[in-house]
Structures are given as structure tokens and as C-alpha cells.
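In what follows, a structure is listed as C-alpha cells, so that the remarks can point back to it.
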Amino acid sequence: MLSLILDSASKELGVALARENEIIDEIKYDAWQKQSELMIPEIDKIFKRNNINPKNIDEILVSQGPGSYTGVRIALTIAKVYAYALDIPVYAFSSLNILENSEKPSICLINARGNRSYFAVYDSDKVIEKDRVLSNAEVLDYVEKHPEFVICGDASYIDVVSEQNDVLKNMLRLKSEKYKVENILSLKAVYLKDENDYQKSNN
């Protein structure tokens with residue numbers, strides 16, 4: 001089983017190849033607002049340096065948002081093109097869920113700009129607080145009231161110390177039928193305009 005893993009929902013661009021659920025190569029770096037021009041070349045690079053024909057990919061794992069409008073859109077578009085052309089499955093994940101510490105309840109944050117945060121709290125795949133937008137003041141209040149939770153993602157924009165976890169490995173860990181996209185044509189980005197728009201199941 002050969003997996004292509006894509007994430008560009010926040011500041012970091014991530015592309016990885018995994019074989020039998022073990023990452024064999026990855027490319028990760030800060031690419032804020034440059035994801036649309038960089039992701040396709042990086043996918044091509046990782047295929048070439050591993051001597052892999054893209055036609056041999058068996059599945060795609062991708063973050064679905066919330067996050068950067070351009071970053072979320074480019075990763076999903078690439079995932080849909082590959083999936084449709086090769087007739088392979090796609091697994092789509094909350095870009096907040098994949099930030100978590102898999103061993104601890106995690107406050108997961110992405111900068112939503114305008115003094116706001118994309119916010120959720122996860123304990124593995126258990127949802128403690130669903131994905132939503134909060135003001136930064138509300139986030140800081142929640143953090144203060146829950147000192148037992150670990151803070152995940154880049155929280156420097158609110159001057160909070162956080163941990164950076166491996167989102168690519170987290171997608172592999174979370175992969176299950178729960179996140180499998182049933183109808184690739186209906187797969188869409190989540191921008192939290194509609195709190196019910198996740199592709200937990202696509203009918």
C-alpha cells in the first residue's frame with residue numbers, strides 16, 4: 001500500500017510518501033501563502049527521488065481545513081485530481097485534529113487572522129470541543145481554565161507556548177473508514193462558514 005500524504009492548511013507545507021503505513025520520505029517547510037506554487041513541484045520531487053510512478057499510488061491522505069484558504073484548496077484539488085484519474089480512495093481529516101498530541105487531550109489552534117483562532121480540542125479521534133472559530137481572548141480564557149490540556153499547533157501569535165506534532169504521521173495514525181471520502185466529487189474544503197460541512201461521510 002503506497003500512500004501520498006498532503007497538508008498545507010497552515011504555515012507549513014507537508015508532502016510525504018508512506019508504504020504500509022510507514023513514512024518513507026517527506027518534505028516539510030514553512031511555505032505560508034506560497035503553497036499553490038510549491039506543492040505540485042514538491043510532489044513531483046518526492047516521486048522522482050524515490051523512483052515512484054505517480055500511477056502506482058494506492059491512496060491519498062489530505063487535510064481538509066480549516067486553515068489557509070489557498071493552502072486547503074490546493075491540497076484538496078490535487079487529491080481530487082489524483083483520486084479521480086487513478087480511481088483510488090481519499091481520506092480527509094480536520095487540519096486541527098492532525099495537530100494533536102496523540103497521548104494527551106489537546107487544544108489545537110491555527111491562526112485565523114483578525115484576532116481570531118481556529119480552535120478545537122481532541123483526545124485522539126474523540127472530539128472534546130468541535131472545530132470552530134473563537135476570538136483569541138476566548139482561546140486564552142479556555143487555555144487558562146484547562147491547564148491539564150496540551151496546546152498544539154503554532155500558538156506564537158497569541159504568545160502561548162505550544163508543541164509541534166507530526167501532522168503527516170498523525171494522518172496515517174488516524175486513517176480509518178470514518179475519514180474515507182465516499183464521493184470524491186463532493187469533497188470540499190472546510191472554512192467553518194458552515195459548521196456541519198466536514199466530510200466525515202459523503203453521500
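Just checking, does region 80-96 include any residue being within 30 Å of Glu144 (Cα to Cα) and among the hydroxyl-bearing types (Ser, Thr, Tyr)?
Yes, region 80-96 contains at least one residue that is within 30 Å of Glu144 (Cα to Cα) and among the hydroxyl-bearing types (Ser, Thr, Tyr).
State all residues of region 123-181 that are assigned to a helix (DSSP H, G or I), over 30 Å from Ile27 (Cα atoms) and either in contact with a Lys or Arg (Cβ under 8 Å, 6 or more places away or on another chain) or in contact (Cβ under 8 Å) with a residue 24 or more places away in the chain (or both); if no residue qualifies, say none.
Selection gives Asn136, Val139, Tyr142, Val143.
Kindly evaluate Ile128 against the criterion of being of a type in the set (A, V, I, L, M) and buried (at least 17 other Cβ atoms within 10 Å of the Cβ).
Here the answer is no, as Ile128 does not meet what is asked.
Kindly indicate the residue of region 65-113 that is at pLDDT 95 or above and at positive phi and also farthest from the chain's Cα centre (by Cα) among those meeting that condition.
Filtering first and then ranking leaves Asp87.
Restricting attention to region 43-83, which residues are aromatic (Phe, Trp, Tyr) and in contact with a helix residue (DSSP H, G or I) (Cβ under 6 Å, 6 or more places away or on another chain)? I'd like the intermediate steps shown before the answer.
Within region 43-83, the first condition is being aromatic (Phe, Trp, Tyr), and the residues that meet it are 47, 69, 82.
Across region 43-83, the qualifying residue is only Phe47.
Name the single residue, out of those in region 179-203 being among the hydroxyl-bearing types (Ser, Thr, Tyr) and closer than 15 Å to Ala9 by Cα, that is modelled with the lowest pLDDT.
Of everything passing the filter in region 179-203, Tyr198 is modelled with the lowest pLDDT.
Which pairs have Cβ atoms under 8 Å, sit 6 or more apart or on different chains, and link a residue in region 34-62 that is more than 28 Å from Glu177 (Cα to Cα) to one that is basic (Lys, Arg) and part of a helix (DSSP H, G or I)?
Going by the 8 Å Cβ cut-off, the qualifying pairs are Ser36/Arg73.
Quick one: is Tyr82 hydroxyl-bearing (Ser, Thr, Tyr), surrounded by 14 or more Cβ atoms within 10 Å (Cβ to Cβ) and more than 29 Å from Ala137 (Cβ to Cβ)?
So Tyr82 passes the test.
The values are calculated or read from the model by the stated rules, or taken from the named source; none is laboratory data. Just so we're clear, the structure is a prediction, and the values are computed from it rather than from any experiment. Please note: Cβ atoms are built from the backbone with ideal geometry, for glycine as well, and neighbour counts cover all protein chains shown.
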